[in-house]
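The structure under discussion appears below in the form of structure tokens.
The numbers here are math on the coordinates, done by the rules we state, and not lab data. Here the structure is a predicted model, which is why all the values come from computation and not from measurement. Glycine gets a Cβ as well: all are built from the backbone with ideal geometry, and neighbour counts include every protein chain shown.
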Amino acid sequence: MNTISYWEQQGFGKADWVVIGAGLVGLQSARRIKESFPDARVVVLDEHALGNAASLRNAGFACFGSAGEMLDEIARTSELEAVGLYEKRYLGIQKLLGRYGAARIGFQATGGTEVFSASDSEEAVRVFDHLNGLNAMLRSVHGKESFELCDTISTGMNVLKDGVLSPLEGGLQSHLLYKAVREDALQAGVEIYEGMRVLDWEENSDFVSLHLASGLKISCFRLLICTNGFSKRLIPELAVSPARGQVFVTKSLGELPFEGIFHADKGYIYFRELGGDRVLIGGGRNLDFEGEETMEMVVTDQFRLYLKSYLETVVLPGRVIEFDYEWSGVMGMNENRNPIIGWHSDRVCLAVRMGGMGVALSSWVADEVLCVVEKDLGI
Ligand SMILES: Cc1cc2nc3c(=O)[nH]c(=O)nc-3n(C[C@H](O)[C@H](O)[C@H](O)COP(=O)(O)OP(=O)(O)OC[C@H]3O[C@@H](n4cnc5c(N)ncnc54)[C@H](O)[C@@H]3O)c2cc1C
């Protein structure tokens, strides 16, 4: 016997648009659609309260790609793809700042610094040799130098004296950003429902019928999938693999000799000061790519020890580090980290694969979703 109530089916059974995923991408895309089609009922569904995957589990870097990471990206894809991705991230951050303002999302324009430990000295030489070329390649994006050599002595870190500063980068407070994005969507008239896991759907020429784990069925004219690292559960053939990221925050360490955001090891390790007295550190996925290709959100001893040792030997040499917070989140990855935005079928659209910088990309992606939709409708 069906245990779904008459009221549940009446209240939630029909929508013009359903967006799966209440992360930064799903919420901003839903808001853009609602703004352009104010009479449409736009519903966002998420299996977890406050999302659960990445949007509230990231490091809060407003970054576009360190020099080492750009060289890595070019080697994996091409100059064209790498510059395109950098540009989307840069524009995405400008759109976030334009929409919400720096204060509301806790953005601080500290710049981002790439540092090199003694074991990275070969990589440092490679990066320094390519700085002029990278700057020339990226100048078309913002008309400025993306990278400058800088002196890292005052940080007290056990790193080479020369680092690379990305002056346009900064840090934001992820909880403030998520709150602003969610409030903005609600205010625009988007409906957000959590505890709603979508299992699959059927599509015919008139509508899409969604099946939820609760047994509820929802029909809509169009479906937008923003499930990023979880997308393979819905569409197994998609070129988006889950990639777990583990993050740790130290106990209070007193006053710190540095502020801002830092990249190391081609961007695989990232750390920042939080609240003036703690350090957040995360990443290190290149230690075990295969093991971290998982949707299981746990923290492992291997990564806890690796990142703790990096802090004790490189970032805060000689200090004994204890963590107060530890968590993991799931990213959507591929060799090519450019997002997939477009129609999967007549009525189902995708906005997935945000790589490691979906905070930066999210606002740009939401605008692009709207372009794709309007083009399809001949607007
Ligand atoms: C550890 C870590 C650190 C990061 N650091 C940064 C950073 O510093 N800067 C940066 O720019 N980016 C960073 N990122 C990446 C960034 O957080 C993500 O790219 C971005 O949040 C992705 O947003 P999204 O909306 O696409 O996906 P998500 O936030 O992952 O949201 C997807 C949502 O879909 C829901 N969902 C999935 N399947 C279903 C289903 N079947 N039914 C219903 N709901 C479903 C999930 O519950 C989830 O809430 C980091 C990511 C991680 C994991």
Expressed in angstrom and rounded, the centroid-to-centroid distance over alpha carbons for region 125-192 and region 219-281 is 14
Sort largest first and round to whole Å: the equivalent ellipsoid semi-axes of region 165-219, each the square root of five times a Cα gyration tensor eigenvalue.
35, 15, 13
Determine by what factor the alpha-carbon radius of gyration of region 105-210 differs from 2.2 N^0.38 Å, reporting the quotient.
1.73
Here the alpha-carbon Rg of the chain over 2.2 N^0.38 Å rounds to 1.02
Would you work out the relative contact order for region 251-379, in percent, from Cα pairs under 8 angstrom that are 6 or more residues apart?
14
Dipole magnitude of the chain about its Cα centre, charges +1 at Lys/Arg Cβ and -1 at Asp/Glu Cβ only, in debye to the nearest 20?
820
Positive-pole candidate from Ile341, Ala366, Val315, dipole of the chain, charges at beta carbon
Ala366
How many angstrom lie between the C-alpha centres of region 1-32 and region 48-114?
29
Point-to-point label distance, Ser5-Ser309, nm (Cα→Cβ direction, 7 Å offset)
5.6
Farthest positive-ward along the chain dipole, Cα basis, beta-carbon charges - from Leu234, Leu216, Thr294
Leu216
Kyte-Doolittle cut-off -1.0, length cut-off 20 Å along the helix's own axis using Cα: show which whole DSSP H helices in the chain pass.
79-100, 121-142, 174-188, 358-376
Please report the equivalent ellipsoid semi-axes of region 278-324, computed as sqrt(5 x eigenvalue) of the Cα gyration tensor, largest first, in whole Å.
22, 11, 8
Hey, if you put +1 on the Cβ of every Lys and Arg and -1 on every Asp and Glu Cβ in region 1-157, which of Gly68, Val141, Gly98 ends up farthest toward the positive end of that dipole?
Gly98
Relative contact order in percent for region 1-124 (Cα pairs under 8 Å, 6+ apart) equals 19
Mind sorting Met295, Met354, Met333 by how few other Cβ atoms lie within 10 Å of their own Cβ, fewest first?
Met295, Met333, Met354
Ranking Tyr6, Tyr100 by Cβ neighbours within 10 Å, fewest first, what do you get?
Tyr6, Tyr100
Taking a quarter of the surface of the Cα convex hull of region 27-142, what do you get in nm²?
10.4
Give me Rg/Rg_expected for region 211-274, where Rg uses Cα atoms only and Rg_expected = 2.2 N^0.38 Å with N residues.
1.86
Computed [θ] at 222 nm, helices only, for the chain once each DSSP H run of length n ≥ 4 contributes -39500 (n - 2.57):
-10500 deg cm²/dmol
Relative contact order (percent, whole number), the chain, Cα cutoff 8 Å, 6+ residue spacing:
25
